[in-house]
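What follows is a single structure, written as structure tokens, with notes after it.
The values are calculated or read from the model by the stated rules, or taken from the named source; none is laboratory data. Note that the structure is predicted; figures quoted are calculated from it, not measured. With ideal geometry, Cβ positions are generated from the backbone for all residues, glycine too; neighbour counts draw on all protein chains shown. Just the protein is used for accessible areas: all its heavy atoms, side chains included, with ligands, DNA and RNA removed. Shrake-Rupley method; radii C 1.70, N 1.55, O 1.52, S 1.80 Å.
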Amino acid sequence: MGRNNRLSEKKRRKLDRNLSASAQDVDQCDGSGGDEPSTIDGRKMTSRGEGKDNEIHPGSFANPSQRKMFGLEIPELDALDKKEAPKELGKTEEEEKRVKRKVAFLLAYLGTNYGGFQMNPDQRTLQAEFELALFRCKLLSQSNFGYPYKYGWSTSGRTDKGVHACAQVCSAKIEIRPNQTMSEVLEELNQSLPNDIRVLDVKRVSKPFCAKTQRDRVRYQYMIPSFLFQDTSVLSEMFEKAGIRVKNREPNDWLSREEIASLQPQMKTFRASSQHLDLLKQALKTYEGTHSFHNFTKGVKNDEARANRYIISFRIEDPMVFENGTEWIPTQVLGQSFLLHQIRKMILMAVEVTRGAVPLSLIERAFSRDVDIRVHPAPAQGLYLDMSFYGGYNKRKHLNPDLPDLDWTNEDSDVYRRWKQFRNEVLMKHVVEEEGREGNFVSFLACHQFGDNRKYYDLDNIKDNDQEHGTEAYT
């Protein structure tokens, strides 16, 4: 290797380190959805934070108790647990020939059957399932299985229980056969994974690449059923006719299956008017720009710098009526990073404005650091991670011209078609069918939407302020 090539390599690594150090604070995402700090190399999600690097991650299926809990068998590891084989197994001839490569995975999944993305003990998680698939496909060695820090694991963000994604990005060092292509890696992983987890793309990346710190933008989508926009008085009458008590209902007092079934036929027929859509657009646009979102998360004080978040855009798409007759409004929010529950709380406040329960001015007031307002999050079922962006990484790619861009938005590409198919035919369909089965949004109306909004949001004070400025307040 020539001197110029060595200098280029040093320069590239320095630039990558600088980028990681100066990256935006993207360690929290509303995966609520998407929702809490993601982790790198297992340092925050295990006891390794206490210096126990030699311990298997307790949430990994490399952990015998985790396998036992979920009835999972891995013969080669089960034999070790029973001391039927030596603890140290040498590498086979095939394993010796394998080469290590740093790659980025584009994952899509339904979060319904999992306790969130990040590995945690006593829960079946998406990360644990994916790690198991890597091991079964021999992309992880037995000595690395259960030790995320050993294979440089990183994820662009964390999604919580019940939250879905069609563009989760993860990076890791894997071991591949000398002539194995990335397409073959993708196919083998999909054969090993459950049907509700799909690998949409696998790409080579630079050695210092970190899926977490080098993501500079992220887009989430939230699907709102139009019946949430119905006027409170109309809903109250509807619930009373069905014999369902809504006043003084506790937040966790969910509707029974029978109560939900009696309301769903009436909910399906509701259609959002042009006025509803205009109000929703206005409310969502109010979030754009840089604001303090301390009232739209939890555990963040009004004087903390991390409360500030930059929303690039927040818009709605055309209403969609699905086979069961229910109308849904897809919304998309693009930003640098999000706080815990931030997106779901922004959606709830926008819905309140749209149905006339609170004034539009309440959103602006909630940005004020001297104002404290409690806002409940909208149901997790409507939220999913829609797309991840790595513009900064791609701009520096001239230092590694042989590496592909991390860009999945080219409509003519195969990966975009796979992404779109999963989003439209799997994920969105699942959200609609799940609501039909469980009625989460219908029950949400009963347990939350009929509270005392005037007292809850301090609307008497809002009304005084609005009258002072010559604007109309909702009652």
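Just a few scattered comments:
- Flag for residue 466 being part of a helix (DSSP H, G or I), surrounded by 16 or more Cβ atoms within 10 Å (Cβ to Cβ) and either modelled with pLDDT of 90 or more or of a type in the set (Asp, Glu) (or both): yes
- From the options 416, 384, 393, residue that is of a type in the set (Ser, Thr, Tyr), part of a strand (DSSP E or B) and within 30 Å of residue 202 (Cβ to Cβ): 384
- Members of segment 173-201 found to be within 21 Å of residue 389 (Cβ to Cβ), crowded, with 22+ Cβ neighbours inside 10 Å and not charged (D, E, K, R), listed by number: 199, 200
- Test for residue 307: is it more than 29 Å from residue 332 (Cβ to Cβ) and either among the hydrophobic types (A, V, I, L, M, F, W, C) or under 28 Å from the mean Cα position of the chain (by Cα) (or both): no
- Identity of the residue in segment 349-377, open to solvent by 50 Å² or more (accessible area, probe 1.4 Å) and over 18 Å from residue 311 (Cβ atoms), that ends up nearest to the chain's Cα centre (by Cα): 376
- Residue that is modelled with the highest pLDDT, among those in segment 156-202 that are in contact with a Cys (Cβ under 9 Å, 6 or more places away or on another chain) and part of a loop (DSSP other than H, G, I, E, B): 156
- Residue match in segment 75-87 (condition: in a loop (DSSP other than H, G, I, E, B), open to solvent by less than 60 Å² (accessible area, probe 1.4 Å), modelled with pLDDT of 90 or more and more than 19 Å from residue 185 (Cβ to Cβ)): no
- Among (1) crowded, with 17+ Cβ neighbours inside 10 Å; (2) of a type outside the set (Gly, Ala, Ser); (3) under 30 Å from residue 182 (Cα atoms), the one test that residue 277 misses: (3)
Each row is one residue, and each column tells you yes or no for (1) open to solvent by 60 Å² or more (accessible area, probe 1.4 Å); (2) among the aliphatic types (A, V, I, L, M); (3) assigned to a helix (DSSP H, G or I).
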site: 402; (1), (2), (3): yes, no, no
site: 410; (1), (2), (3): yes, no, no
site: 420; (1), (2), (3): yes, no, yes
site: 423; (1), (2), (3): no, no, yes
site: 428; (1), (2), (3): no, yes, yes
site: 432; (1), (2), (3): no, yes, yes
site: 435; (1), (2), (3): no, no, yes
site: 445; (1), (2), (3): no, yes, yes
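- Checking each residue in segment 115-131 for being surrounded by fewer than 24 Cβ atoms within 10 Å (Cβ to Cβ), on the phi < 0 side of the Ramachandran plot and not polar (S, T, N, Q) picks out 115, 121, 124, 129.
- Number of the condition not met by residue 206 [criteria: (1) touching a strand residue (DSSP E or B) at 6+ places or on another chain (Cβ under 6 Å); (2) over 27 Å from residue 110 (Cβ atoms)]: (1)
- Residue identified as in contact with a strand residue (DSSP E or B) (Cβ under 9 Å, 6 or more places away or on another chain), small (Gly, Ala, Ser) and loosely packed, with under 13 Cβ neighbours inside 10 Å among 299, 243, 289: 289
- Matching residues, segment 135-161, being under 28 Å from residue 424 (Cβ atoms) and crowded, with 22+ Cβ neighbours inside 10 Å: 155, 156, 157, 158, 159, 160
- Residues of segment 264-273 that are within 30 Å of the chain's Cα centre (by Cα) and not in a loop (DSSP other than H, G, I, E, B): 264, 267, 268.
- Meets criteria (open to solvent by less than 40 Å² (accessible area, probe 1.4 Å), in a helix (DSSP H, G or I) and either among the hydroxyl-bearing types (Ser, Thr, Tyr) or in contact with a strand residue (DSSP E or B) (Cβ under 6 Å, 6 or more places away or on another chain) (or both)) for residue 284: yes
- Answer residue from segment 101-153, given it is assigned to a strand (DSSP E or B) and in contact with an Asp or Glu (Cβ under 7 Å, 6 or more places away or on another chain) and is nearest to residue 170 (Cα to Cα) among those: 106
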